[in-house]
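Shown next, in structure tokens, is the structure this report addresses.
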Protein chains: 2
Amino acid sequence: MKYCSNCGQPVTLRIPEGDALPRYICDHCQIIHYQNPKIVTGCLPIWKNDEGEDQILLCRRAIEPRHGLWTLPAGFMENAETLEQAAERESVEEANVNIEQLKLYTLISLPQANQIYIIYLANLCDKRFHPGIESLDVKLFHEHEIPWDTLAFHTIQFTLEKYFQDRKQNHYPVHTHTINTHNGKSAD
Amino acid sequence: MKYCSNCGQPVTLRIPEGDALPRYICDHCQIIHYQNPKIVTGCLPIWKNDEGEDQILLCRRAIEPRHGLWTLPAGFMENAETLEQAAERESVEEANVNIEQLKLYTLISLPQANQIYIIYLANLCDKRFHPGIESLDVKLFHEHEIPWDTLAFHTIQFTLEKYFQDRKQNHYPVHTHTINTHNGKSAD
């Protein structure tokens, strides 16, 4: 932030009186511009086949960051929607899925990225999914097929690991977690 | 938003190509300024007395909105902190509490307010709390003393109601919820 979004004059970064952290302050119109973490939300879509086995839907990213790597469908929550609406909207945008029974699953703080991740378990209603504009590919994976080495984000790895652990007990409690590195899984 | 925070030129509100919602767009530097929901987080601080009874700590607000009404200590999550750090920081700022054992409890979408609330259960370590600058008063309440008619926010009422219901079974699962009105509890 270089300019005040209210009056267009330059802002300065300093600690306001009575505050503890530096903020962007407009000395022209006296507004303090707070900056807050963003919410990333999405789904872990589960397909149960006729043999009772389950497969997980992953998307291969067509956009940066992490172009070409695999992820769960997720993205930034928008104003005027609920968390569940946002998680479903992102899943539809990225994979054109038909999902139901969203259940809160992981809640992850990413202090270095100024984000929180909120991922829901969801059941796939059918296999008529296909890539949205932000995905190169969308596929179902058995556990032994999960591309652990080419996952895009630590948050996705954590959520998938918890899912396969919890599946053994068929019990899926909400998991809270903090990831103290950047979210991208390799050199960034 | 009237001006671009990157270059200071006026922005226009319109739907970008390939998008579905109107955004503030700078035609000078081509930046799209997305606006996203904010995270409010805090605690439901519990004091267990020598008789095994519990009391809940509430704060009487010294600031708008809802000046003079009662609330749980909570506020906006900041960049570079975890949800638990934010919930504890807000509790310390508003009530100077010493708390421990934070446990995720309610997760509430407020689409009309462009907010989500995330409230943790927490144990008070001692009774040496006192009002911070944003509180007129800080007090412990037995269930029958809760000021239901002068609570500040629907999110706080929902969280307290769930707590007293769950206390009967001594089982406190995570509750998700949506509040489709403004959060303030009376005419706003």
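The values are calculated or read from the model by the stated rules, or taken from the named source; none is laboratory data. Bear in mind the structure is a predicted one, so any value in this text is a computation, not a measurement. A quick note on method: Cβ atoms are made from the backbone with ideal geometry, for glycine too, and the neighbour counts reach across all protein chains shown. Surface areas here come from the heavy atoms of the whole protein model, side chains and all, with no ligands, DNA or RNA. Shrake-Rupley method; radii C 1.70, N 1.55, O 1.52, S 1.80 Å.
List of remarks:
- Scanning segment B:19-53 for residues that are under 18 Å from B:Glu143 (Cβ atoms) and modelled with pLDDT of 95 or more yields B:Cys43, B:Leu44, B:Pro45, B:Ile46, B:Trp47.
- For B:Ile146: the one exception among (1) touching a strand residue (DSSP E or B) at 6+ places or on another chain (Cβ under 8 Å); (2) closer than 30 Å to A:Thr106 by Cα; (3) aliphatic (A, V, I, L, M): (2)
- From the list B:Gln165, B:Gln85, the lone residue that is outside any loop (DSSP other than H, G, I, E, B), away from chain A (no Cβ under 14 Å) and free of Cβ contacts under 8 Å to residues at least 12 places away in the same chain is B:Gln165.
- A:Ile133, sole failed condition from (1) assigned to a strand (DSSP E or B); (2) aliphatic (A, V, I, L, M); (3) open to solvent by 20 Å² or more (accessible area, probe 1.4 Å): (1)
- From B:Ser135, B:Ser91, B:Ser109, residue being touching a Pro at 6+ places or on another chain (Cβ under 9 Å) and under 25 Å from B:Gln35 (Cα atoms): B:Ser109
- Of the set (1) under 30 Å from B:Phe76 (Cβ atoms); (2) part of a loop (DSSP other than H, G, I, E, B); (3) more than 14 Å from every other protein chain (Cβ to nearest Cβ), all apply to A:Pro173 but (3).
- Within segment A:62-82, the set of residues being away from chain B (no Cβ under 14 Å) and either touching a Pro at 6+ places or on another chain (Cβ under 7 Å) or open to solvent by less than 10 Å² (accessible area, probe 1.4 Å) (or both) comprises A:Trp70, A:Thr71, A:Leu72, A:Pro73.
- Residue match in segment A:17-32 (condition: surrounded by 13 or more Cβ atoms within 10 Å (Cβ to Cβ) and among the polar types (S, T, N, Q)): no
- Scanning segment B:92-117 for residues that are of a type in the set (A, V, I, L, M) and within 10 Å of chain A (Cβ to nearest Cβ) yields B:Leu102, B:Leu104, B:Leu107, B:Ile108, B:Leu110, B:Ala113, B:Ile116.
- When A:Glu17 is tested against (1) more than 8 Å from chain B (Cβ to nearest Cβ); (2) not in a loop (DSSP other than H, G, I, E, B), only condition (2) is not met.
- Selected residue [closer than 29 Å to A:Gln85 by Cβ, open to solvent by 20 Å² or more (accessible area, probe 1.4 Å) and of a type in the set (D, E, K, R)] from B:Lys168, B:Lys185, B:Lys139, B:Lys127: B:Lys185
- Within segment B:146-157, considering residues that are outside any loop (DSSP other than H, G, I, E, B), in contact (Cβ under 8 Å) with a residue 40 or more places away in the chain and away from chain A (no Cβ under 14 Å), the one nearest to A:Ala80 (Cα to Cα): B:Phe153
- Hits in segment A:1-14 - residues which are within 11 Å of another protein chain (Cβ to nearest Cβ) and either within 31 Å of the chain's Cα centre (by Cα) or crowded, with 18+ Cβ neighbours inside 10 Å (or both): A:Met1, A:Lys2, A:Tyr3, A:Cys4, A:Ser5, A:Asn6, A:Gly8, A:Val11
- Scan segment A:121-141 for residues that are within 25 Å of A:Gly68 (Cβ to Cβ) and within 14 Å of chain B (Cβ to nearest Cβ) and the total you get is 4.
- Among the residues making up segment A:21-38, those that are of a type outside the set (S, T, N, Q) and either in contact with a Lys or Arg (Cβ under 7 Å, 6 or more places away or on another chain) or within 9 Å of another protein chain (Cβ to nearest Cβ) (or both) are A:Leu21, A:Pro22, A:Tyr24, A:Ile25, A:Ile32, A:His33, A:Tyr34, A:Pro37, A:Lys38.
- Unmet criterion (only one of (1) more than 14 Å from the chain's Cα centre (by Cα); (2) within 25 Å of A:Tyr117 (Cβ to Cβ)) for B:Glu90: (1)
- The residues in segment B:41-58 that are closer than 24 Å to B:Ala86 by Cα and of a type in the set (S, T, N, Q) can be counted, and the count is 2.
- Residues that are within 14 Å of chain B (Cβ to nearest Cβ), more than 14 Å from the chain's Cα centre (by Cα), surrounded by fewer than 19 Cβ atoms within 10 Å (Cβ to Cβ) and not in a strand (DSSP E or B) are absent from segment A:39-61.
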